[in-house]
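Novice: Once you've had a glance at the structure underneath, I'll fire off some questions.
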Amino acid sequence: MDDLRSLVSLGKRLSTEKDFGITLANEWLRVQDKTGRIVPLNANAVQRSYEANRSQRNIVLKARQMGMTTWVAGQFFLRTITTPGILTVLVAQTRTAAEAIYSIVERMWQYLPQDLREGPLVRSRANVGQMVFPLLGSEFRAWSAADTNAGRGLSIQHLHCSELGRWTGDASATLAGLRAALAPQGELVLESTPNGAYGAFYEEWSNGIEHASHAKESSEERVNIIEDPLLTRHFFPWWMEPGYTAAPVVKSTLTDEEQQLIKQHGLSTKQIGFRRSLEQNFRGLRQQEFAEDPQTCFRATGSCCFDVDAVEHRMMHLPPPLSSRLGGSLLQWLPPAQGRYYIVAVDPAGGGSNGDFTALQVIDRATGMQCAELQERLTPAETSAQAASLAREYNNALIVVERNNMGPAVLAYLETRERYENIFRQRNIPGWLTSTVSKPEMIARLGLLLTEEPERFMSRRFLGECRTFINTDGRSAASPGAHDDLVMSMAIAQMILIAP
């Protein structure tokens with residue numbers, strides 16, 4: 001196997017025969033196992049399941065130490081060394097992580113047959129994070145997500161984004177830049193363990209799930225595969241790793257939850273023993289670090305201010321929006337009805353592409369039902385225009401503007417530019433003041449409504465923010481990297497119903 005023509009023929013087989021990637025990985029690639037031995041990369045159950053179901057665009061949600069990072073890196077490496085003109089890019093959460101994964105790929109090259117390394121796969125450059133194969137015109141690179149110029153000016157054929165849930169900075173903007181560099185027929189893999197119900201990875205996993213074309217469950221491999229036109233979603237729970245076992249538990253001590261897991265997923269008492277050890281060692285982080293389902297593993301760390309079970313139950317029974325406007329920023333569930341009165345609650349922000357969102361909630365004054373919701377980055381002038389437009393649409397609704405921060409500017413525009421008069425006044429002062437005194441009552445009332453009257457709420461975006469609204473050191477706010485504009489605007493709206 002010492003000429004380019006033979007390599008390229010292997011590359012063609014890799015692109016058309018999924019099982020061939022498993023075969024070639026075992027024959028050519030060497031990795032270091034958990035005991036330090038150098039062994040062939042023999043696909044485990046998780047890796048085989050991924051290969052059987054992967055598409056051109058993939059997102060992988062996994063428990064810890066499932067071998068997916070190594071597998072994807074290895075498969076992309078094989079295609080890089082068997083296909084002319086390929087640029088493969090690996091992006092990890094930190095420079096240290098990128099170098100660690102690159103060292104795994106470097107070892108794969110070092111253990112290739114000598115006639116390949118000294119022949120068609122000789123390298124012209126092998127810096128830390130970059131290897132170039134001049135006879136093929138192909139290249140493998142590893143970058144850190146902190147590199148703001150990652151992908152700029154390049155055409156990438158294989159893009160592997162590792163631990164996306166732990167990327168720092170504006171991960172969504174970094175990912176967007178990398179996606180822009182991905183060739184139209186290029187292959188994308190986003191993979192990560194969960195890290196709270198917010199951020200780029202959570203959004204990528206969540207977006208479009210309710211519009212998935214189909215979902216199927218393989219009882220043999222016990223893994224969910226969810227597909228849509230943009231991404232194929234792969235979920236791998238911890239019990240797919242055969243090494244995750246411990247001393248077996250006595251069957252008579254099994255809880256109802258443990259019995260349900262055994263019945264539903266075929267777990268052994270040794271796996272239940274391992275699960276109990278996770279409870280002792282990881283406590284509240286067990287669901288995040290050793291995922292069991294693709295919903296609860298995304299729960300935010302910290303103490304959520306709301307009943308998460310109630311929120312998630314409502315999320316499973318939401319009606320679709322009646323209409324979507326402004327590119328999806330404005331959603332409507334209940335149109336204005338003659339003779340009814342409404343409230344438009346406004347949580348303003350300063351605007352700008354990287355700033356906070358402005359949120360507007362429209363509710364029925366008699367029932368508290370959510371009718372419409374707007375979430376967009378708007379300037380105060382734009383906020384006043386959208387608020388006035390919605391209020392006029394909803395029968396000259398009462399506009400309630402949070403007067404903290406940018407609120408006075410919005411109120412001024414409503415008065416001078418929009419000439420809108422139906423403005424809420426608190427002690428004869430326009431707007432609503434959220435303070436250290438009023439905020440606890442606002443959040444407590446919203447929490448009560450989420451539990452006792454969840455049918456009031458229609459928005460998945462709003463409920464998603466509720467899941468990440470936590471109490472830290474006595475202060476309630478969004479988890480780091482998450483938003484709370486929809487929560488606060490809804491809390492204001494519901495308080496107005498009982499305001500004197």
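The values are calculated or read from the model by the stated rules, or taken from the named source; none is laboratory data. Predicted model only: the values in this text are computed from it and were never measured. Virtual Cβ from ideal backbone geometry, glycine too; neighbours counted across all protein chains shown.
Novice: Residues of region 293-328 being farther than 25 Å from H265 by Cα, under 19 Å from the mean Cα position of the chain (by Cα) and of a type in the set (S, T, N, Q), which ones?
Specialist: Within region 293-328, T301 is the sole residue that qualifies.
Novice: Which residue out of A409, A372, A388 is touching a strand residue (DSSP E or B) at 6+ places or on another chain (Cβ under 8 Å), more than 26 Å from L463 (Cβ to Cβ), of a type outside the set (V, I, T) and buried (at least 17 other Cβ atoms within 10 Å of the Cβ)? Break it down stepwise before answering.
Specialist: Working: A409 fails: touching a strand residue (DSSP E or B) at 6+ places or on another chain (Cβ under 8 Å); A372 fails: more than 26 Å from L463 (Cβ to Cβ).
A388 is the lone residue from the list that is touching a strand residue (DSSP E or B) at 6+ places or on another chain (Cβ under 8 Å), more than 26 Å from L463 (Cβ to Cβ), of a type outside the set (V, I, T) and buried (at least 17 other Cβ atoms within 10 Å of the Cβ).
Novice: Here's something else I'd like to know. Could you list all residues from region 49-66 that are among the small types (G, A, S) and either in contact with a Phe, Trp or Tyr (Cβ under 9 Å, 6 or more places away or on another chain) or modelled with pLDDT of 95 or more (or both)?
Specialist: Restricting attention to region 49-66, the residues satisfying the condition of being among the small types (G, A, S) are 49, 52, 55, 63.
Across region 49-66, the qualifying residues are S49, A63.
Novice: Quick check on region 442-454. Is at least one of its residues closer than 25 Å to L398 by Cα, without any contact (Cβ under 8 Å) to a residue 40 or more places away in the chain, among the aliphatic types (A, V, I, L, M) and part of a helix (DSSP H, G or I)?
Specialist: Just the residues of region 442-454 that are closer than 25 Å to L398 by Cα, to begin with: 442-450, 453-454.
If we keep only those that are without any contact (Cβ under 8 Å) to a residue 40 or more places away in the chain as well, we get 444, 448.
Next, only the ones that are among the aliphatic types (A, V, I, L, M) stay: 444, 448.
So of that shortlist, the ones also part of a helix (DSSP H, G or I) come out as 444, 448.
Scanning region 442-454 turns up at least one residue that is closer than 25 Å to L398 by Cα, without any contact (Cβ under 8 Å) to a residue 40 or more places away in the chain, among the aliphatic types (A, V, I, L, M) and part of a helix (DSSP H, G or I).
Novice: Within region 28-50, is even one residue part of a helix (DSSP H, G or I) and more than 28 Å from the chain's Cα centre (by Cα)?
Specialist: Keep residues of region 28-50 that are part of a helix (DSSP H, G or I), which gives 28, 45-50.
Restricting the remaining residues to those that are more than 28 Å from the chain's Cα centre (by Cα) gives 28.
The answer is yes, given that some residue of region 28-50 is part of a helix (DSSP H, G or I) and more than 28 Å from the chain's Cα centre (by Cα).
Novice: Take the residues of region 261-282 that are of a type in the set (S, T, Y) and over 16 Å from A63 (Cα atoms): which is surrounded by the fewest Cβ atoms within 10 Å (Cβ to Cβ)? Step through it out loud before you land on a result.
Specialist: First, pick out the residues of region 261-282 that are of a type in the set (S, T, Y): 268-269, 277.
Checking the rest, the ones that are also over 16 Å from A63 (Cα atoms) come to 268-269.
Details: S268: 13, T269: 18.
Filtering region 261-282 for residues that are of a type in the set (S, T, Y) and over 16 Å from A63 (Cα atoms), the one surrounded by the fewest Cβ atoms within 10 Å (Cβ to Cβ) comes out as S268.
Novice: I'm trying to understand the selection: among the residues of region 156-177, which are hydrophobic (A, V, I, L, M, F, W, C) and either part of a loop (DSSP other than H, G, I, E, B) or surrounded by fewer than 16 Cβ atoms within 10 Å (Cβ to Cβ) (or both)?
Specialist: Keep residues of region 156-177 that are hydrophobic (A, V, I, L, M, F, W, C), which gives 156, 159, 161, 164, 167, 171, 173, 175-176.
Passing the criteria: W167, A173, A176.
Novice: Out of the residues in region 133-155 that are of a type outside the set (D, E) and more than 30 Å from L116 (Cβ to Cβ), state the one that is surrounded by the most Cβ atoms within 10 Å (Cβ to Cβ).
Specialist: Quick first cut of region 133-155, residues of a type outside the set (D, E) only: 133-138, 140-146, 148-155.
Cutting the leftovers down to more than 30 Å from L116 (Cβ to Cβ) gives us 145-146, 148-149, 152-153.
Numbers: A145: 27, A146: 16, T148: 11, N149: 9, R152: 11, G153: 6.
The residue in question is A145.
Novice: Now for a different question. Is there a residue in region 114-123 that is within 15 Å of T70 (Cβ to Cβ) and more than 27 Å from the chain's Cα centre (by Cα)?
Specialist: Looking only at region 114-123, we keep the residues that are within 15 Å of T70 (Cβ to Cβ), and these are none.
Checking region 114-123: not a single residue is within 15 Å of T70 (Cβ to Cβ) and more than 27 Å from the chain's Cα centre (by Cα).
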